[in-house]
Ligand code: F0G
């Protein structure tokens, strides 16, 4: 019998040695790449969904947190800090606990989903709601880590990118080659940076050169920001980002330049999608694909559908889309109807005839 051993053990030969000596792991990664016939039919492409909600804390952040916390632990760190729209804080809190470290998290006041808040608290983090947005939190976290004995575990920490690049390896391993196009949401832009690095390394480029090529090419990268928080699309920071996709409610992404490089070198694009487009994609993922995600995670699918409507998706292209976090993180959106009304369960007496009637079987 074989159990997936976590991204450090599975890809140790492709990670810097300082990340692999003392692994702190919850057996993250090894997430399913799920064929999505409903999306293939809608777009005329061959679409597969990488479901990162299947990680131990329910988001892709665990891939980078196993490496960041392992490195911090190996250096003897006692405390870590992060700024977060929620998922990073949940992940940092869980991995810090495994490593016996103290974890402090700075979150934007009132703008993080309840599930994520609960996770950070449950795992014992000290959580501070900062009077400001994510960008303010990140500035404060960086300054704190410079001036005090606490390590920063946001994706500006290169150890995070090393772990997150393994998602690209898994996609290529599953398909037997790189996809033609890879699609994902963009917030602070760490993940698009990491995916691009992973795809390049597996194509035998950069740090992957010593290993030879696993893939014959790198994919075109398509990133999507929420329209109310789309600094890379607009070409300037957004001082008051707004979107229902709170995970990507970010106005000044730390890895902005790297995201542009991934876009430009791959011949790709970074565009925006409206909250309505995100919620529609969220419903299609739940009701037609069978994958429940949080709103931000649907931004990539929303973008693909928009480009398909515009006739910009190449017929038959093999497309992979990362859906970044689990729907249970922020479940309220499923209970909203398309017309804005609230879904309420039908009440019935506890007898089989009434139940059959209510089901239209009578
Ligand atoms: N999707 C989800 C569910 C996220 O939580 C994030 C980022 C992203 C997409 C965007 O990824 O920042 O690498 O471009 N969440 C961070 C956090 C900011 O604090 O949890 P990115």
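How long is the gain from residue 310 to residue 79 if the chain were fully straight, where each residue apart is worth 0.36 nm and the alpha carbon distance is subtracted?
78.3 nm
Each of 234, 361, 304 has some number of other Cβ atoms within 10 Å of its Cβ, and from fewest to most they run 361, 234, 304. Here the chain has an Rg and Dmax of 20.4, 70 Å, counting Cα atoms alone. Peptides 17-29, 180-192, 305-317 ranked from most to least packed by the mean count of surrounding Cβ atoms within 10 Å: 180-192, 17-29, 305-317. Taking other C-beta atoms within 10 Å as the exposure proxy, 196, 333 rank 333, 196 from fewest upward. Rounded, prolate or oblate, given the Cα gyration tensor of the range 61-156, with a/c below 1.5 counting as rounded? Verdict is oblate for the range 61-156.
Here the label points at residue 102 and residue 276, each 7 Å from Cα along the C-beta direction, are separated by 4.9 nm in the simple model. Computed from the C-beta positions of residue 217 and residue 41, the FRET efficiency with R₀ = 25 Å rounds to 0.45. Fully extending the segment from residue 17 to residue 114, taken as 0.36 nm per residue of separation minus the present Cα-Cα distance, adds 31.2 nm.
If contacts are Cα pairs under 8 angstrom and at least 6 residues apart, what is the relative contact order of the range 61-156 in percent?
After rounding, I find 34 percent.
Just so you know, the Rg over Rh for the range 219-362 is 1.10, from Cα atoms, with Rh as the Kirkwood radius. Taking label positions 7 Å along the Cα-Cβ direction at both residue 144 and residue 5, the computed distance is 3.5 nm, reported to one decimal. Over all orientations, the range 191-294 has a Cα convex hull whose mean projected area works out to 7.7 square nanometres. Each helix, a run of at least 4 DSSP H residues, gives -39500 (n - 2.57); summed and divided by the residues of the chain, these come to -10500 deg cm²/dmol at 222 nm.
If you sort the three axes of the alpha carbon gyration tensor as a ≥ b ≥ c, you get a/c of 1.5 or more for the range 133-239 and a/b no higher than b/c, which makes it oblate.
For the chain, what is the relative contact order in percent, using Cα pairs closer than 8 Å and at least 6 residues apart in sequence?
Numbers: 773 pairs, mean separation 66.0, N = 362.
Rounded, it is 18 percent for the chain.
Distance between the C-alpha centers of the range 184-243 and the range 1-61? Whole Å please. That distance is 16 Å.
If the chain linking residue 257 and residue 342 were pulled fully straight, counting 0.36 nm for each residue of separation and taking away their Cα-Cα distance, it would gain 26.5 nm.
Within the chain, antiparallel bridges make up roughly 15 percent of the DSSP beta bridges whose residues both belong there. Listed peptides 50-57, 125-132 appear in the order 50-57, 125-132 once ranked by packing, highest mean of other Cβ atoms within 10 Å at the front. By other beta-carbon atoms within 10 Å, ranking 148, 95, 195, 202 with the fewest at the front produces 148, 202, 195, 95.
Note on the chain: with a GNM built from Cα contacts shorter than 10 Å, the maximum mean-square fluctuation among 120, 210, 281 falls on 210. Semi-axes of the equivalent ellipsoid of the range 286-360 are 35, 15, 12 Å, computed as sqrt(5λ) over the eigenvalues of the C-alpha gyration tensor in descending order.
Computed from the C-beta positions of residue 356 and residue 335 and an R0 of 22 Å, the FRET efficiency is 0.30 to the nearest 0.05.
Taking the chain as a Gaussian network of alpha-carbon nodes connected by springs under 10 Å, the highest mean-square fluctuation of the residues 223, 267, 86 belongs to 267.
Read-outs throughout are calculated quantities, based only on the coordinates presented, and are distinct from any laboratory measurement. It should be emphasised that the depicted structure is a prediction, and the values quoted were computed from it without experimental measurement. Quick reminder, even Gly has a Cβ in these numbers, built from the backbone with ideal geometry, and neighbours come from all protein chains shown.
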